[in-house]
Amino acid sequence: MTGRSMDPERVCARAQAIAGALGRLGEPITETQAREIAARQKCDCQEGMFALAPTRRGLLHGAGVAVAVSASAILPRTTFAKAPPGAVDYQVPEDPTKEPGRLMGVDGGYGSRSQFETDVRWVNPTRTASFTPLQASYGTITPSGLHYERHHAGIPNIDPARHRLIIHGMVDRPIKYSLTDLKRLPTVSRTYFLECSGTTGSEIMKAREPTVQRTHGLVSTSEWTGVPLSTLLKQTGLKPGVAWVLAEGSDAAVMTRSVPIDKCLSDALVVFAQNGEAIRPEQGYPMRLLLPGWEGNISIKWLRRLEVSDKPFYTREETSKYTDLITKTGKARIFTFTMEAKSVITFPSGEMNLPGPGFYEITGLAWSGRGKITRVEISTDGGKSWSLAALQDPVLPISQTRFRFPWIWEGTPAVIQSRATDETGYTQPTHQQLIDERGPLESGPLFYHMNGIQSWAIAPDGSVKNVHPT
(Lines give C-alpha, C1' and ligand atoms only; values in the text may rest on other atoms or scores of the structure.)
Protein backbone atom coordinates (compact mmCIF):
# COMPACT_ATOMS: atom_id res chain seq x y z
CA MET A 1 0.00 0.00 0.00
CA THR A 2 1.03 3.59 -0.41
CA GLY A 3 1.79 5.87 2.52
CA ARG A 4 -1.65 7.47 2.37
CA SER A 5 -3.50 4.19 2.87
CA MET A 6 -1.18 3.14 5.72
CA ASP A 7 -1.94 6.22 7.88
CA PRO A 8 -3.62 4.74 11.04
CA GLU A 9 -5.97 7.69 11.45
CA ARG A 10 -7.09 7.43 7.82
CA VAL A 11 -7.54 3.66 8.14
CA CYS A 12 -9.68 4.11 11.27
CA ALA A 13 -11.76 6.86 9.69
CA ARG A 14 -12.26 4.79 6.57
CA ALA A 15 -13.38 1.77 8.61
CA GLN A 16 -15.88 3.90 10.52
CA ALA A 17 -17.21 5.41 7.29
CA ILE A 18 -17.65 1.94 5.78
CA ALA A 19 -19.45 0.68 8.90
CA GLY A 20 -21.79 3.66 8.74
CA ALA A 21 -22.45 3.15 5.03
CA LEU A 22 -23.22 -0.54 5.58
CA GLY A 23 -25.72 0.38 8.26
CA ARG A 24 -27.67 2.46 5.75
CA LEU A 25 -28.21 -0.42 3.34
CA GLY A 26 -31.59 -2.13 3.26
CA GLU A 27 -34.99 -0.75 4.25
CA PRO A 28 -35.44 -0.34 8.03
CA ILE A 29 -38.78 -1.42 9.55
CA THR A 30 -40.14 -1.60 13.08
CA GLU A 31 -40.94 -4.77 14.99
CA THR A 32 -44.63 -3.91 14.67
CA GLN A 33 -44.29 -3.69 10.89
CA ALA A 34 -42.43 -7.00 10.84
CA ARG A 35 -45.21 -8.74 12.78
CA GLU A 36 -47.85 -7.25 10.49
CA ILE A 37 -46.01 -8.57 7.44
CA ALA A 38 -45.66 -11.99 9.05
CA ALA A 39 -49.37 -12.05 9.91
CA ARG A 40 -50.32 -11.33 6.28
CA GLN A 41 -48.13 -14.21 5.16
CA LYS A 42 -49.64 -16.80 7.50
CA CYS A 43 -51.57 -19.71 6.05
CA ASP A 44 -53.16 -22.93 7.31
CA CYS A 45 -50.15 -24.86 6.11
CA GLN A 46 -48.15 -23.44 9.03
CA GLU A 47 -50.34 -25.05 11.66
CA GLY A 48 -48.22 -27.45 13.66
CA MET A 49 -45.04 -26.36 11.91
CA PHE A 50 -43.43 -25.12 15.11
CA ALA A 51 -45.01 -27.57 17.56
CA LEU A 52 -42.98 -30.21 19.37
CA ALA A 53 -45.39 -32.86 18.05
CA PRO A 54 -47.71 -32.67 15.02
CA THR A 55 -51.43 -32.34 15.59
CA ARG A 56 -53.93 -34.73 14.00
CA ARG A 57 -55.17 -31.90 11.78
CA GLY A 58 -51.61 -31.14 10.76
CA LEU A 59 -51.00 -34.77 9.82
CA LEU A 60 -54.19 -34.90 7.77
CA HIS A 61 -53.30 -31.62 6.05
CA GLY A 62 -49.81 -32.95 5.22
CA ALA A 63 -51.29 -36.08 3.70
CA GLY A 64 -53.61 -33.93 1.61
CA VAL A 65 -50.67 -31.92 0.28
CA ALA A 66 -48.86 -35.13 -0.66
CA VAL A 67 -51.87 -36.33 -2.60
CA ALA A 68 -52.23 -32.97 -4.30
CA VAL A 69 -48.60 -32.93 -5.33
CA SER A 70 -48.72 -36.44 -6.74
CA ALA A 71 -51.97 -35.75 -8.55
CA SER A 72 -51.21 -32.30 -9.99
CA ALA A 73 -47.48 -31.60 -10.06
CA ILE A 74 -46.60 -28.32 -11.70
CA LEU A 75 -45.44 -29.14 -15.21
CA PRO A 76 -43.60 -26.90 -17.64
CA ARG A 77 -45.62 -24.82 -20.03
CA THR A 78 -45.97 -26.17 -23.54
CA THR A 79 -44.02 -23.20 -24.88
CA PHE A 80 -40.50 -22.34 -23.76
CA ALA A 81 -40.18 -19.07 -25.64
CA LYS A 82 -39.87 -16.99 -22.48
CA ALA A 83 -37.25 -19.13 -20.75
CA PRO A 84 -33.58 -18.20 -21.22
CA PRO A 85 -31.10 -20.86 -22.38
CA GLY A 86 -30.56 -23.55 -19.77
CA ALA A 87 -33.92 -22.88 -18.08
CA VAL A 88 -37.53 -24.03 -18.34
CA ASP A 89 -40.50 -21.67 -18.35
CA TYR A 90 -42.68 -22.62 -15.37
CA GLN A 91 -45.81 -20.85 -14.17
CA VAL A 92 -45.17 -18.47 -11.30
CA PRO A 93 -47.83 -18.64 -8.55
CA GLU A 94 -48.99 -15.49 -6.83
CA ASP A 95 -48.08 -17.04 -3.49
CA PRO A 96 -45.79 -20.13 -3.55
CA THR A 97 -46.97 -21.14 -0.06
CA LYS A 98 -50.55 -21.59 -1.25
CA GLU A 99 -49.98 -24.43 -3.74
CA PRO A 100 -47.58 -27.37 -4.03
CA GLY A 101 -44.48 -27.04 -6.14
CA ARG A 102 -43.46 -29.23 -9.04
CA LEU A 103 -42.16 -32.75 -8.62
CA MET A 104 -38.55 -33.67 -9.17
CA GLY A 105 -37.58 -34.89 -12.62
CA VAL A 106 -40.12 -33.04 -14.74
CA ASP A 107 -37.19 -31.30 -16.45
CA GLY A 108 -35.94 -34.64 -17.77
CA GLY A 109 -33.52 -35.45 -14.97
CA TYR A 110 -30.54 -33.27 -15.87
CA GLY A 111 -31.65 -30.15 -14.06
CA SER A 112 -32.00 -26.54 -15.15
CA ARG A 113 -31.31 -23.11 -13.76
CA SER A 114 -33.92 -20.60 -12.68
CA GLN A 115 -35.90 -19.01 -15.48
CA PHE A 116 -35.08 -15.64 -13.95
CA GLU A 117 -31.33 -16.01 -14.57
CA THR A 118 -30.44 -14.81 -18.05
CA ASP A 119 -26.65 -14.56 -18.31
CA VAL A 120 -25.17 -16.42 -21.28
CA ARG A 121 -21.93 -16.50 -23.22
CA TRP A 122 -21.53 -13.75 -25.81
CA VAL A 123 -20.62 -15.11 -29.24
CA ASN A 124 -18.43 -13.08 -31.57
CA PRO A 125 -19.69 -12.18 -35.08
CA THR A 126 -17.65 -14.94 -36.77
CA ARG A 127 -19.06 -17.48 -34.29
CA THR A 128 -15.58 -18.80 -33.51
CA ALA A 129 -15.43 -17.76 -29.87
CA SER A 130 -17.84 -17.38 -26.96
CA PHE A 131 -17.10 -15.22 -23.93
CA THR A 132 -17.81 -15.98 -20.26
CA PRO A 133 -20.10 -13.42 -18.49
CA LEU A 134 -17.54 -12.51 -15.83
CA GLN A 135 -19.72 -9.62 -14.65
CA ALA A 136 -22.22 -12.16 -13.28
CA SER A 137 -19.69 -14.58 -11.78
CA TYR A 138 -19.51 -15.61 -8.13
CA GLY A 139 -16.53 -17.23 -6.46
CA THR A 140 -13.99 -18.63 -8.92
CA ILE A 141 -15.41 -21.75 -10.62
CA THR A 142 -17.02 -21.16 -14.01
CA PRO A 143 -20.12 -23.30 -14.72
CA SER A 144 -19.45 -25.64 -17.64
CA GLY A 145 -22.32 -24.03 -19.57
CA LEU A 146 -20.66 -20.61 -19.29
CA HIS A 147 -17.00 -21.59 -19.79
CA TYR A 148 -15.48 -19.68 -22.68
CA GLU A 149 -14.91 -21.51 -25.95
CA ARG A 150 -12.66 -20.95 -28.96
CA HIS A 151 -12.43 -23.06 -32.08
CA HIS A 152 -10.96 -22.76 -35.58
CA ALA A 153 -13.19 -25.02 -37.69
CA GLY A 154 -16.37 -25.73 -35.79
CA ILE A 155 -17.14 -28.15 -32.96
CA PRO A 156 -16.74 -31.78 -34.09
CA ASN A 157 -19.23 -34.44 -32.99
CA ILE A 158 -17.15 -37.44 -31.91
CA ASP A 159 -18.30 -40.92 -30.88
CA PRO A 160 -16.21 -41.79 -27.80
CA ALA A 161 -16.44 -45.51 -28.57
CA ARG A 162 -14.57 -44.94 -31.85
CA HIS A 163 -12.11 -42.28 -30.69
CA ARG A 164 -8.48 -43.23 -29.96
CA LEU A 165 -5.39 -41.41 -28.70
CA ILE A 166 -2.16 -42.56 -30.35
CA ILE A 167 1.28 -41.94 -28.78
CA HIS A 168 4.22 -42.64 -31.09
CA GLY A 169 7.50 -41.25 -32.44
CA MET A 170 10.64 -41.44 -30.32
CA VAL A 171 9.17 -43.99 -27.92
CA ASP A 172 9.95 -47.62 -27.14
CA ARG A 173 6.35 -48.84 -27.30
CA PRO A 174 3.84 -46.90 -29.40
CA ILE A 175 0.41 -47.19 -27.74
CA LYS A 176 -3.20 -46.52 -28.71
CA TYR A 177 -5.62 -45.60 -25.90
CA SER A 178 -9.41 -45.63 -25.89
CA LEU A 179 -11.43 -43.45 -23.53
CA THR A 180 -12.18 -46.56 -21.50
CA ASP A 181 -8.44 -47.27 -21.23
CA LEU A 182 -7.77 -43.76 -19.94
CA LYS A 183 -10.46 -44.02 -17.28
CA ARG A 184 -8.87 -47.21 -15.92
CA LEU A 185 -5.60 -45.39 -15.22
CA PRO A 186 -4.99 -43.51 -11.93
CA THR A 187 -6.61 -40.09 -12.29
CA VAL A 188 -6.28 -36.71 -10.60
CA SER A 189 -8.54 -33.66 -10.28
CA ARG A 190 -7.06 -30.17 -10.41
CA THR A 191 -8.56 -26.67 -10.47
CA TYR A 192 -6.97 -24.52 -13.16
CA PHE A 193 -7.85 -21.45 -15.20
CA LEU A 194 -7.75 -21.57 -18.98
CA GLU A 195 -7.21 -18.40 -21.01
CA CYS A 196 -6.96 -17.59 -24.70
CA SER A 197 -3.72 -15.72 -25.38
CA GLY A 198 -5.74 -13.24 -27.44
CA THR A 199 -7.82 -12.12 -24.45
CA THR A 200 -7.96 -8.29 -24.31
CA GLY A 201 -5.59 -8.27 -27.30
CA SER A 202 -7.63 -5.60 -29.09
CA GLU A 203 -7.49 -3.27 -26.06
CA ILE A 204 -3.79 -2.43 -26.11
CA MET A 205 -4.03 0.90 -27.94
CA LYS A 206 -7.52 2.07 -27.02
CA ALA A 207 -10.70 0.98 -25.24
CA ARG A 208 -12.78 -0.96 -27.75
CA GLU A 209 -15.15 -3.34 -25.99
CA PRO A 210 -17.93 -2.10 -23.68
CA THR A 211 -18.13 -4.82 -21.00
CA VAL A 212 -15.86 -7.08 -18.96
CA GLN A 213 -17.41 -10.03 -20.77
CA ARG A 214 -16.21 -8.64 -24.10
CA THR A 215 -12.78 -7.51 -22.83
CA HIS A 216 -11.81 -10.42 -20.54
CA GLY A 217 -14.38 -13.13 -21.23
CA LEU A 218 -11.93 -15.56 -22.86
CA VAL A 219 -10.79 -16.87 -19.46
CA SER A 220 -12.53 -19.35 -17.17
CA THR A 221 -11.74 -21.69 -14.29
CA SER A 222 -12.83 -25.31 -13.87
CA GLU A 223 -12.00 -28.45 -11.98
CA TRP A 224 -10.43 -30.81 -14.51
CA THR A 225 -10.14 -34.58 -14.11
CA GLY A 226 -7.88 -36.84 -16.12
CA VAL A 227 -4.59 -38.70 -16.34
CA PRO A 228 -1.16 -37.06 -15.96
CA LEU A 229 0.52 -37.06 -19.37
CA SER A 230 3.70 -38.21 -17.65
CA THR A 231 1.92 -41.47 -16.79
CA LEU A 232 1.17 -42.16 -20.45
CA LEU A 233 4.67 -41.22 -21.61
CA LYS A 234 6.24 -43.51 -19.04
CA GLN A 235 4.09 -46.34 -20.36
CA THR A 236 5.42 -45.81 -23.87
CA GLY A 237 9.02 -45.26 -22.77
CA LEU A 238 10.98 -42.26 -24.05
CA LYS A 239 14.08 -42.64 -26.18
CA PRO A 240 17.25 -40.57 -25.54
CA GLY A 241 17.20 -37.06 -26.97
CA VAL A 242 13.46 -36.38 -26.82
CA ALA A 243 12.67 -32.68 -26.41
CA TRP A 244 9.23 -31.97 -27.90
CA VAL A 245 5.81 -33.54 -28.36
CA LEU A 246 3.39 -32.71 -31.18
CA ALA A 247 -0.23 -32.60 -29.96
CA GLU A 248 -2.90 -32.99 -32.62
CA GLY A 249 -6.69 -32.61 -32.49
CA SER A 250 -9.54 -34.32 -34.33
CA ASP A 251 -11.26 -31.14 -35.49
CA ALA A 252 -11.52 -30.00 -39.10
CA ALA A 253 -8.64 -27.58 -38.51
CA VAL A 254 -6.46 -30.49 -37.31
CA MET A 255 -5.15 -28.16 -34.63
CA THR A 256 -1.51 -28.98 -33.83
CA ARG A 257 1.01 -27.47 -31.43
CA SER A 258 4.55 -28.32 -30.28
CA VAL A 259 4.92 -28.87 -26.54
CA PRO A 260 8.28 -29.02 -24.69
CA ILE A 261 8.87 -32.41 -23.08
CA ASP A 262 9.55 -30.79 -19.68
CA LYS A 263 5.96 -29.49 -19.56
CA CYS A 264 4.63 -32.89 -20.63
CA LEU A 265 6.45 -34.58 -17.76
CA SER A 266 5.50 -32.02 -15.09
CA ASP A 267 1.85 -30.94 -14.74
CA ALA A 268 0.31 -31.69 -18.16
CA LEU A 269 -2.94 -33.68 -18.14
CA VAL A 270 -5.08 -35.57 -20.61
CA VAL A 271 -8.54 -34.75 -19.25
CA PHE A 272 -11.93 -36.28 -19.88
CA ALA A 273 -14.02 -34.57 -17.18
CA GLN A 274 -14.80 -30.99 -16.17
CA ASN A 275 -16.60 -29.82 -13.05
CA GLY A 276 -17.64 -33.35 -12.12
CA GLU A 277 -19.01 -34.52 -15.48
CA ALA A 278 -17.70 -35.44 -18.92
CA ILE A 279 -16.14 -32.47 -20.71
CA ARG A 280 -18.54 -30.87 -23.15
CA PRO A 281 -18.09 -31.13 -26.94
CA GLU A 282 -16.97 -27.49 -27.18
CA GLN A 283 -14.28 -28.22 -24.56
CA GLY A 284 -12.84 -31.20 -26.43
CA TYR A 285 -15.07 -34.22 -25.77
CA PRO A 286 -14.13 -36.99 -25.36
CA MET A 287 -10.60 -35.92 -24.29
CA ARG A 288 -8.30 -32.93 -24.46
CA LEU A 289 -4.79 -31.92 -23.49
CA LEU A 290 -4.53 -29.46 -20.60
CA LEU A 291 -1.31 -27.51 -20.03
CA PRO A 292 -1.84 -25.51 -16.81
CA GLY A 293 -0.94 -21.84 -16.98
CA TRP A 294 -0.18 -21.83 -20.71
CA GLU A 295 -2.12 -20.17 -23.50
CA GLY A 296 -5.39 -21.95 -24.25
CA ASN A 297 -4.60 -22.71 -27.90
CA ILE A 298 -1.89 -25.19 -26.92
CA SER A 299 -4.26 -27.25 -24.74
CA ILE A 300 -5.36 -29.20 -27.80
CA LYS A 301 -9.01 -30.24 -27.80
CA TRP A 302 -10.43 -33.47 -29.27
CA LEU A 303 -6.91 -34.90 -28.75
CA ARG A 304 -6.09 -37.81 -31.07
CA ARG A 305 -2.30 -37.94 -31.46
CA LEU A 306 0.91 -37.24 -29.55
CA GLU A 307 4.15 -37.57 -31.53
CA VAL A 308 7.38 -37.49 -29.53
CA SER A 309 10.35 -35.81 -31.24
CA ASP A 310 13.74 -34.19 -30.66
CA LYS A 311 12.68 -30.85 -32.16
CA PRO A 312 9.62 -28.58 -32.46
CA PHE A 313 7.35 -28.96 -35.49
CA TYR A 314 6.79 -25.25 -36.30
CA THR A 315 3.11 -25.69 -37.10
CA ARG A 316 0.84 -23.07 -38.61
CA GLU A 317 -0.56 -22.15 -35.19
CA GLU A 318 2.88 -21.36 -33.73
CA THR A 319 4.40 -19.53 -36.69
CA SER A 320 1.83 -17.51 -38.62
CA LYS A 321 -0.37 -17.32 -35.50
CA TYR A 322 0.10 -17.20 -31.74
CA THR A 323 3.40 -15.36 -31.88
CA ASP A 324 4.15 -11.98 -30.31
CA LEU A 325 4.92 -9.29 -32.85
CA ILE A 326 7.62 -6.87 -31.64
CA THR A 327 6.99 -3.77 -33.74
CA LYS A 328 10.04 -2.04 -32.26
CA THR A 329 12.31 -4.52 -34.05
CA GLY A 330 10.07 -5.94 -36.77
CA LYS A 331 10.51 -9.42 -35.35
CA ALA A 332 8.22 -11.79 -33.47
CA ARG A 333 8.60 -13.92 -30.36
CA ILE A 334 7.72 -17.60 -30.72
CA PHE A 335 6.81 -20.20 -28.10
CA THR A 336 5.71 -17.64 -25.50
CA PHE A 337 3.47 -20.06 -23.66
CA THR A 338 2.92 -18.69 -20.13
CA MET A 339 -0.03 -16.48 -19.28
CA GLU A 340 1.37 -13.83 -16.95
CA ALA A 341 -0.30 -12.34 -13.86
CA LYS A 342 -3.52 -10.55 -14.67
CA SER A 343 -6.61 -9.21 -12.92
CA VAL A 344 -9.85 -7.41 -13.67
CA ILE A 345 -12.61 -5.80 -11.64
CA THR A 346 -15.91 -7.50 -12.48
CA PHE A 347 -18.06 -5.23 -10.28
CA PRO A 348 -18.56 -2.45 -11.01
CA SER A 349 -17.58 -2.83 -14.65
CA GLY A 350 -18.55 -1.63 -18.12
CA GLU A 351 -22.22 -0.81 -18.86
CA MET A 352 -23.26 -1.22 -15.22
CA ASN A 353 -24.98 1.61 -13.33
CA LEU A 354 -24.48 2.41 -9.66
CA PRO A 355 -27.82 3.56 -8.22
CA GLY A 356 -26.26 6.31 -6.12
CA PRO A 357 -23.46 7.27 -3.75
CA GLY A 358 -22.73 4.97 -0.82
CA PHE A 359 -21.10 1.67 0.03
CA TYR A 360 -20.09 -0.80 -2.65
CA GLU A 361 -17.86 -3.86 -2.62
CA ILE A 362 -15.41 -3.78 -5.49
CA THR A 363 -14.75 -7.36 -6.55
CA GLY A 364 -13.00 -9.19 -9.34
CA LEU A 365 -10.67 -12.00 -10.35
CA ALA A 366 -6.89 -12.37 -10.49
CA TRP A 367 -4.82 -15.19 -11.96
CA SER A 368 -1.31 -16.15 -13.04
CA GLY A 369 0.14 -18.98 -15.07
CA ARG A 370 3.22 -18.93 -12.86
CA GLY A 371 1.50 -19.93 -9.62
CA LYS A 372 -0.50 -18.38 -6.80
CA ILE A 373 -1.69 -14.80 -6.59
CA THR A 374 -0.13 -13.20 -3.50
CA ARG A 375 -1.43 -9.63 -3.70
CA VAL A 376 -4.10 -7.58 -5.43
CA GLU A 377 -4.15 -3.80 -5.12
CA ILE A 378 -7.04 -1.48 -5.90
CA SER A 379 -6.93 2.10 -7.10
CA THR A 380 -10.00 4.35 -7.17
CA ASP A 381 -8.18 7.38 -8.54
CA GLY A 382 -6.79 6.09 -11.83
CA GLY A 383 -3.56 4.64 -10.43
CA LYS A 384 -2.39 7.58 -8.31
CA SER A 385 -2.63 5.54 -5.10
CA TRP A 386 -3.18 1.88 -4.29
CA SER A 387 -4.67 -0.10 -1.39
CA LEU A 388 -4.63 -3.83 -0.66
CA ALA A 389 -7.70 -5.91 -1.47
CA ALA A 390 -8.67 -9.03 0.48
CA LEU A 391 -8.08 -12.37 -1.24
CA GLN A 392 -10.90 -14.88 -0.83
CA ASP A 393 -9.96 -18.46 0.00
CA PRO A 394 -9.06 -20.79 -1.52
CA VAL A 395 -6.04 -19.21 -3.18
CA LEU A 396 -4.82 -21.93 -5.53
CA PRO A 397 -1.88 -21.98 -7.95
CA ILE A 398 -2.70 -21.41 -11.63
CA SER A 399 -6.30 -20.72 -10.69
CA GLN A 400 -8.42 -17.61 -10.54
CA THR A 401 -8.59 -15.91 -7.14
CA ARG A 402 -11.51 -13.76 -6.07
CA PHE A 403 -10.59 -10.39 -4.49
CA ARG A 404 -12.79 -7.94 -2.60
CA PHE A 405 -12.39 -4.32 -1.55
CA PRO A 406 -14.87 -2.18 0.46
CA TRP A 407 -15.44 1.24 -1.06
CA ILE A 408 -17.61 4.28 -0.44
CA TRP A 409 -18.39 6.07 -3.66
CA GLU A 410 -18.92 9.78 -3.08
CA GLY A 411 -20.84 10.32 -6.31
CA THR A 412 -17.92 12.03 -8.04
CA PRO A 413 -16.04 10.82 -11.13
CA ALA A 414 -13.71 7.91 -10.38
CA VAL A 415 -11.47 5.50 -12.31
CA ILE A 416 -11.08 2.11 -10.66
CA GLN A 417 -8.29 -0.37 -11.41
CA SER A 418 -6.84 -3.63 -10.04
CA ARG A 419 -3.22 -4.77 -10.08
CA ALA A 420 -2.12 -8.37 -9.35
CA THR A 421 1.19 -9.79 -8.14
CA ASP A 422 2.01 -13.51 -8.17
CA GLU A 423 4.26 -15.65 -5.99
CA THR A 424 7.24 -15.13 -8.32
CA GLY A 425 7.09 -11.39 -7.60
CA TYR A 426 5.83 -10.50 -11.06
CA THR A 427 3.37 -7.57 -11.01
CA GLN A 428 0.76 -6.85 -13.65
CA PRO A 429 1.99 -4.03 -15.94
CA THR A 430 0.26 -1.00 -17.40
CA HIS A 431 -0.63 -0.75 -21.08
CA GLN A 432 2.19 1.72 -21.57
CA GLN A 433 4.76 -0.61 -20.05
CA LEU A 434 3.76 -3.30 -22.54
CA ILE A 435 3.92 -0.85 -25.44
CA ASP A 436 7.36 0.35 -24.29
CA GLU A 437 8.55 -3.25 -24.20
CA ARG A 438 7.10 -4.56 -27.46
CA GLY A 439 6.10 -1.49 -29.44
CA PRO A 440 2.63 -0.24 -30.46
CA LEU A 441 0.24 -2.38 -32.48
CA GLU A 442 -2.20 -0.13 -34.28
CA SER A 443 -3.67 -2.75 -36.60
CA GLY A 444 -3.25 -6.28 -37.86
CA PRO A 445 -2.91 -9.33 -35.58
CA LEU A 446 -3.91 -9.36 -31.94
CA PHE A 447 -1.55 -8.20 -29.24
CA TYR A 448 -1.17 -11.66 -27.70
CA HIS A 449 -0.47 -12.03 -23.97
CA MET A 450 -1.93 -8.60 -23.25
CA ASN A 451 -2.20 -8.48 -19.46
CA GLY A 452 -2.27 -4.74 -18.92
CA ILE A 453 -4.21 -3.08 -16.07
CA GLN A 454 -7.90 -2.53 -16.90
CA SER A 455 -9.59 0.79 -16.13
CA TRP A 456 -13.31 1.43 -15.54
CA ALA A 457 -14.56 5.03 -15.34
CA ILE A 458 -17.55 5.84 -13.13
CA ALA A 459 -19.46 9.00 -14.05
CA PRO A 460 -21.44 11.16 -11.57
CA ASP A 461 -24.68 9.52 -12.76
CA GLY A 462 -23.30 6.09 -11.79
CA SER A 463 -22.71 4.82 -15.32
CA VAL A 464 -19.58 2.74 -15.86
CA LYS A 465 -17.57 2.48 -19.06
CA ASN A 466 -14.33 1.06 -20.37
CA VAL A 467 -11.63 3.73 -20.65
CA HIS A 468 -8.07 3.62 -21.85
CA PRO A 469 -5.46 4.63 -19.26
CA THR A 470 -3.52 7.79 -19.85
Every pair of residues 6+ apart whose Cβ atoms lie under 7 Å, when the first sits in the stretch 413-431 and is under 19 Å from Pro397 (Cβ atoms) while the second is open to solvent by less than 10 Å² (accessible area, probe 1.4 Å) and charged (D, E, K, R):
Ala420/Lys342; Gln428/Lys342
Among (1) within 18 Å of Leu290 (Cα to Cα); (2) touching a residue at least 40 places away in the same chain (Cβ under 8 Å); (3) in contact with a strand residue (DSSP E or B) (Cβ under 8 Å, 6 or more places away or on another chain), there is one condition Ala129 misses while meeting the rest; what is its number?
(1)
Quickly run through the stretch 255-271 and pick out the residues that are of a type outside the set (A, V, I, L, M, F, W, C) and surrounded by fewer than 23 Cβ atoms within 10 Å (Cβ to Cβ).
Thr256, Ser258, Pro260, Asp262, Lys263, Ser266, Asp267
Scanning for something within 16 Å of the chain's Cα centre (by Cα) and crowded, with 21+ Cβ neighbours inside 10 Å, does the stretch 372-393 turn up at least one residue?
yes
So which residues in the stretch 394-403 are out of contact with any Leu (no Cβ under 8 Å at 6 or more places or on another chain) and open to solvent by less than 50 Å² (accessible area, probe 1.4 Å)?
Val395, Ile398, Ser399
Scanning for something open to solvent by less than 30 Å² (accessible area, probe 1.4 Å), in a loop (DSSP other than H, G, I, E, B) and under 23 Å from Glu209 (Cα atoms), does the stretch 404-424 turn up at least one residue?
no
Out of all the residues in the stretch 441-470, which are of a type in the set (A, V, I, L, M) and under 21 Å from Leu354 (Cα atoms)?
Ala457, Ile458, Ala459, Val464, Val467
Taking the stretch 143-177 and keeping residues within 19 Å of Pro286 (Cβ to Cβ), over 30 Å from the mean Cα position of the chain (by Cα) and open to solvent by less than 50 Å² (accessible area, probe 1.4 Å) leaves Ile167, Ile175, Tyr177
Pick from the stretch 70-90 the residues that are at pLDDT 90 or above and open to solvent by 40 Å² or more (accessible area, probe 1.4 Å): which of them is farthest from Val120 (Cα to Cα)?
Gly86
Those residues of the stretch 432-460 which are without any contact (Cβ under 8 Å) to a residue 60 or more places away in the chain and in a loop (DSSP other than H, G, I, E, B) amount to Ser443, Ala459, Pro460
Within the stretch 444-465, identify whether any single residue is modelled with pLDDT under 95, buried (at least 19 other Cβ atoms within 10 Å of the Cβ) and not aromatic (Phe, Trp, Tyr), and answer yes or no.
yes
Restricting to the stretch 178-205, give me the number of residues that are of a type in the set (Ser, Thr, Tyr), touching a residue at least 12 places away in the same chain (Cβ under 8 Å) and surrounded by fewer than 18 Cβ atoms within 10 Å (Cβ to Cβ).
4
Just checking, how many residues over the stretch 201-223 are closer than 13 Å to Leu441 by Cα and touching a His at 6+ places or on another chain (Cβ under 7 Å)?
2
For residues that are hydrophobic (A, V, I, L, M, F, W, C), buried (at least 23 other Cβ atoms within 10 Å of the Cβ) and not in a strand (DSSP E or B), tally how many sit in the stretch 215-254.
2
Where in the stretch 272-360 are there strands (runs of 3 or more DSSP E), lying wholly inside it, with at least 3 residues that are touching a residue at least 60 places away in the same chain (Cβ under 8 Å) and open to solvent by less than 10 Å² (accessible area, probe 1.4 Å)?
303-309, 342-347
In the stretch 100-124, how many residues are of a type in the set (D, E, K, R) and either over 26 Å from the mean Cα position of the chain (by Cα) or not in a loop (DSSP other than H, G, I, E, B) (or both)?
3
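The values are calculated or read from the model by the stated rules, or taken from the named source; none is laboratory data. Remember, it's a predicted structure, so these values are computed and weren't measured experimentally. Quick reminder, even Gly has a Cβ in these numbers, built from the backbone with ideal geometry, and neighbours come from all protein chains shown. All accessible areas refer to the heavy atoms of the entire protein, side chains included, with ligands and DNA or RNA removed. Shrake-Rupley method; radii C 1.70, N 1.55, O 1.52, S 1.80 Å.
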